[in-house]
Every structure is written in C-alpha cells, then in structure tokens.
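Before any comments, here is the structure.
The values are calculated or read from the model by the stated rules, or taken from the named source; none is laboratory data. On a predicted model such as this, the values are computed, not experimentally measured, just so you know. As a convention, Cβ positions derive from the backbone with ideal geometry for all residues, glycine included, and neighbour counts pool all protein chains shown.
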Amino acid sequence: MKETYQEELFKKLIGHPNWKKQLEVFTPFLGKDFTWIAAATGPLRKIQQNDSFFFSNSLPATAEDRLNNLLSETHKTNHIQSIAAAEGHNYSYGLPIARGEQIYGYFLICDCPREIPANILELFQAFSVSTLETVQKEQELTRLYDTIRPKTIALSTVHTIGRIISSTLELDQLLPRIARLSLQVLRARRSVIMLVDGQKKMLNPFAVVDLNDKNATMPPLKLGAGLPGRVAKTGQTVIRPQYLCVPLVAEENVIGTITISHRLDNKAFSIFDQEILTTFSEQAVIAIKNAQLYEEQEKLTLNSIRALASVLSSEDYNFGRSNLFINITMSIGMELKLGSDQMRILYYGAILHNVSQIGLPRKILKKATKLSGKDYQIIREHPLIGAEIIRPIGGKMKDVLPIIIYHHERYDGNGYPSGLRGESIPLGARILAVADSFEAMLSKRPYRKKMSLAQAVSEIVKLSGEQFDPIVVDAFVRVVKRWKNKILRTDKNTWIWKKF
C-alpha cells in the first residue's frame, strides 16, 4: 500500500540527524530505558508494529491497550496527555505534533521511570515540531526539484540543440551529435535515430550510438515492425522500464523515431524522462528538417554547377578545368587542413572560377596572337562578370563568389579587380591563384613556351610573397613533392593528375 504524506514525513523525521540529536539531548530527562512511538495522523487504529507506526524498540504486548487509550485521548484533545505509573507500568506521555491547527501526528513516550516535568515535555514537543518543519521543507524542496528538473533539462536541451543546429547542417554529422547528446541528457547507454524513407514504407537507421559497442548497428525496419516501427506507424510514445521511444513529428507527419535504452544507473525510465525526450525530439525535428532542406538546396546547387561546368567544357568555350588543376587545388586545401564546408566551397570555386569566359567576346577567346591592352582591360573585368553569372544560383554560391571575384589578386596588392593585399584576399582565392598559375605555366601560350614541371614549381616558389601567399606556396610544394609521381605528361603533351 502506498504511504500517505504524513507516513512518509514521519519516516523521514525519525531518520533525520536533528531528531537523533534531539533524543540524545533529552535522554537524561526521559530516562535510558524509555520507548518512543511516532504515529501519523489518519484513521486511528490499534498500535501495532506495522508501516504506520515507528518504534524505538519492541513494544510490550501488555502495553498495547494502555497506549492505544493514550493515543486516542491525545488525538481527541490535541494537547499533551499523560498516564501515571500504576500496576507495574511506568509513566507514559502523548504529544501532538502540530503547526498551527494542522496536526501531523503524535509522539508517545512510554515506560519513563520517573515523571517528566511539563516544561520539559513542552520543550521536547517544540523541538519535535521544529525538526518536523525542517524535514517538511526538505521534502517540499525535493518534490519541487523533481518537478522542475525535467523542465530545466528540457530548456537546457533546447539551448544545446540550438548550438548543434548552428554547428552543422550535414545530416551525417548532425544525427550522431543529437544521438550522443540524448545519451548525456537521459544518462543512458544506447541511442538510435531512425528516419522514414521517401515511400513511407521503411524506417532506416541514421545514427546508432552505443557506449558499450562502438560498432553497433541497427537494421532497417518496416513501418509497424519492432518497437521503433510501431512508434513510427502510430505516432505514440512507448515507455518501458529499459526502453523509451518517441516519434519525431514534423507538421503532423512522423518522419522518424529516437529510441533510448538502458539507463546508466539501471533504473527504469520515468515519466520525467519521457517529458525530457519529448522536448528533445521536438528540437531535434527542427534540426533534421533544416538539414534536409539544406541537403535539397545543395543538390540543386550542385546540379547548377554541373550544368555550368558542362557549358565551360563544350567546344564553343573549352574552358573547363583539367583534373590536374582540380586535384592540385583540393590537395592544397587538404594540406592546409580546411574544414569540410571550406573544401566544398573551394571545389565549387575551382570548377567555376572561369565561368566569366561565357561573357567574354569570342574574338578574345579564340585569339592566337598576343592580347592587346584593350583585350587585357576586358579580361580584367571578367571576374566580376563571372560573379554576376553565379550570383542568382544563391545558396552556397554566395560563399563561392569571393573566390571567383578575387582569384586574380596578388599577394603584394598589384592584382585585380580590387588590388587586395595579403590575407585580405580570401584564402580560397589565394589557393586558386597558385593552382591556376601552375597549370598555365605547364600550358603553351602565344607569348611563351610551356614550362617543365620543375620550372613551373620553381617559378611559383620564386613568386612567393609577391604574387602568391607564402603559406599557400609552402603547402603547394609539399603537395607536389608528395604526389609528383601522379603528375604526368600525356601523349598530347598536356599535364594530368593520374588517377589512383
């Protein structure tokens, strides 16, 4: 049977350090052999050693009727009551424990060898009430904590997931981070995030984090199969002692599930855990939908880039980039330890940095003789033209624009179109400047012969600090030394990066 509030309160009272100290202090007045009984309020029943009454030691069977009468009188009057020593019994006292008019229970002091003065009993009663008030406040604070804790964790979770959302929009990075965070918040061992496929027939695992198994996996499930499958199909949370599974719901549609299992303390999952994970899932859905929208936009962007790259590689323009240029560019980026987003932007820039050739006059593109001053002036404007061609694509292209606009700037500030100097030139543009010049040096021009590989590398190093960023040049040299056997001349007397 579930304990009443008063029974729970009295149980905590007799275990409280203040109560134990109080008994030590009053023992000289009460006598060493006395027995005390704490009785909670409620329907009075005979004193017996059960969960409703708490004893300092065993209660003599012959004293039961006598003490039940004492308890009844104390209950009726709500004042201190006593029974004088008689017929082989010592003194006994009943003390109501109250705050104002609220009675919380009674203390019965039994078998005192001598009579206790009224002022000592009142003092004992006052100390008992004070201790009970302390216990009650502690109990209320504990209950308040138990109520507030899940809400506090939920708010903290919202804030933390907010940081995760802003840290990445890549699903393959985002979902494992969310899974790991769910384990920290719920203090559990295993988290699995599954998403519904496009046909809404299968539930596919996207993140499995198990503290006991780094290589843990999860097979795909049909909707309705297994615990996650049933949650995905019904949209209803399932809570079991060692499993907690909630649906990921976006705009009234279940897009997946998150399943947490096996708490670290081996306790059963509670309603508070369910509340926390539900709040967690709501924020996770926002992150997942943002990542999915980003992924769709990236696909559109990449398709646009491929279309433009196809145009640049056509016979009309023939300005598509060789695999040597692309590989040198990306290898320099990796040598400089660029992040995944930076590498993606660098790749887009490498493909499209000469897209402005589409806007140049055909006579300049096909000119076999050395370019005139007027021709150079037109060419100096082509990065801005390229930027305007790319700008309407939007999305990640806004981060590619600076590479396209400034890849003809010089480190010493004598480049074009803006005369930027040093690190004010975007890093991607500084990388492309080296790779672009290196490829050009290996190609024949109307005004000079093509260079050998060693000559081209030597020329790049010679121009370090003037035309090129010294840090990028150092990375370039390391790349060429490491992959020199991959840079080969073909039968057509052109240079390529040999595939692995």
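The rows are residues; the columns are (1) closer than 17 Å to residue 184 by Cβ; (2) modelled with pLDDT under 90; (3) not hydroxyl-bearing (Ser, Thr, Tyr); (4) not assigned by TED's automatic domain parsing to the domain that holds residue 197.
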residue	(1), (2), (3), (4)
211	yes, no, yes, no
229	no, no, yes, no
245	no, no, yes, no
251	no, yes, yes, no
254	no, no, yes, no
257	no, no, no, no
260	yes, no, yes, no
264	yes, no, yes, no
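So in region 250-270, with the set limited to residues that are farther than 10 Å from residue 281 by Cβ and among the hydrophobic types (A, V, I, L, M, F, W, C), which one is farthest from the chain's Cα centre (by Cα)?
Within region 250-270, the first condition is being farther than 10 Å from residue 281 by Cβ, and the residues that meet it are 250-255, 259-270.
Add one more test, that the residue is among the hydrophobic types (A, V, I, L, M, F, W, C), and what stays is 250, 254-255, 260, 264, 268-269.
Values: 250: 19, 254: 21, 255: 19, 260: 14, 264: 18, 268: 23, 269: 20 Å.
Selected residue: 268.
Could you check, for region 38-48, whether at least one of its residues is surrounded by fewer than 16 Cβ atoms within 10 Å (Cβ to Cβ), under 30 Å from residue 270 (Cβ atoms) and either assigned by TED's automatic domain parsing to the domain that holds residue 24 or modelled with pLDDT of 80 or more (or both)?
First pass over region 38-48, keeping only residues surrounded by fewer than 16 Cβ atoms within 10 Å (Cβ to Cβ): 42-46, 48.
Adding the requirement that they be under 30 Å from residue 270 (Cβ atoms) leaves 42.
Okay, now just the ones that are also either assigned by TED's automatic domain parsing to the domain that holds residue 24 or modelled with pLDDT of 80 or more (or both), so 42.
Yes, region 38-48 has at least one match.
Find the helices (runs of 4 or more DSSP H) located wholly in region 335-446 whose residues include 3 or more that are modelled with pLDDT of 80 or more and surrounded by 21 or more Cβ atoms within 10 Å (Cβ to Cβ), and list them. Can you show your working first?
Values: elements: 340-352, 362-365, 373-380, 382-390, 397-406, 427-441.
In region 335-446, 340-352, 397-406, 427-441 are the helices (runs of 4 or more DSSP H) which contain 3 or more residues that are modelled with pLDDT of 80 or more and surrounded by 21 or more Cβ atoms within 10 Å (Cβ to Cβ).
Return a yes/no flag: does region 457-464 have any residue that is under 30 Å from residue 420 (Cβ atoms), touching a strand residue (DSSP E or B) at 6+ places or on another chain (Cβ under 9 Å) and modelled with pLDDT under 90.
No, region 457-464 has no match at all.
Is it the case, given these coordinates, that residue 233 is over 19 Å from residue 178 (Cα atoms) and in a loop (DSSP other than H, G, I, E, B)? Break it down into steps so the answer makes sense when it comes.
Details: over 19 Å from residue 178 (Cα atoms): yes; in a loop (DSSP other than H, G, I, E, B): no.
It is false that residue 233 is over 19 Å from residue 178 (Cα atoms) and in a loop (DSSP other than H, G, I, E, B).
From 205, 228, 247, which residue is more than 20 Å from the chain's Cα centre (by Cα) and closer than 30 Å to residue 299 by Cβ? So that I can check it myself, show each step before the final result.
Values: 205 fails: more than 20 Å from the chain's Cα centre (by Cα); 247 fails: more than 20 Å from the chain's Cα centre (by Cα).
Checking each option against the conditions leaves just 228.
Residues of region 174-189 being in a strand (DSSP E or B) and surrounded by fewer than 20 Cβ atoms within 10 Å (Cβ to Cβ), which ones?
Restricting attention to region 174-189, the residues satisfying the condition of being in a strand (DSSP E or B) are 188-189.
189 - this is the single residue of region 174-189 that is in a strand (DSSP E or B) and surrounded by fewer than 20 Cβ atoms within 10 Å (Cβ to Cβ).
Please pick out the residue among 216, 268 that is surrounded by fewer than 20 Cβ atoms within 10 Å (Cβ to Cβ) and closer than 30 Å to residue 145 by Cα. First the steps, then the outcome.
Values: 216 fails: closer than 30 Å to residue 145 by Cα.
268 is the lone residue from the list that is surrounded by fewer than 20 Cβ atoms within 10 Å (Cβ to Cβ) and closer than 30 Å to residue 145 by Cα.
Among the residues of region 202-213, which ones are closer than 14 Å to residue 228 by Cβ and either buried (at least 20 other Cβ atoms within 10 Å of the Cβ) or not polar (S, T, N, Q) (or both)?
202, 203, 205, 206, 207, 208 - these are the residues of region 202-213 that are closer than 14 Å to residue 228 by Cβ and either buried (at least 20 other Cβ atoms within 10 Å of the Cβ) or not polar (S, T, N, Q) (or both).
Looking only at region 242-276, count how many residues are part of a strand (DSSP E or B) and small (Gly, Ala, Ser). Don't jump to the end; show me each part of the working.
Taking region 242-276 as the starting set, the residues that turn out to be part of a strand (DSSP E or B) are 243-250, 253-263.
When the remaining residues are screened for being small (Gly, Ala, Ser), the result is 250, 256, 261.
Residues in region 242-276 being part of a strand (DSSP E or B) and small (Gly, Ala, Ser): 3 in total.
State yes or no: is residue 239 in a helix (DSSP H, G or I) and at negative phi?
It is false that residue 239 is in a helix (DSSP H, G or I) and at negative phi.
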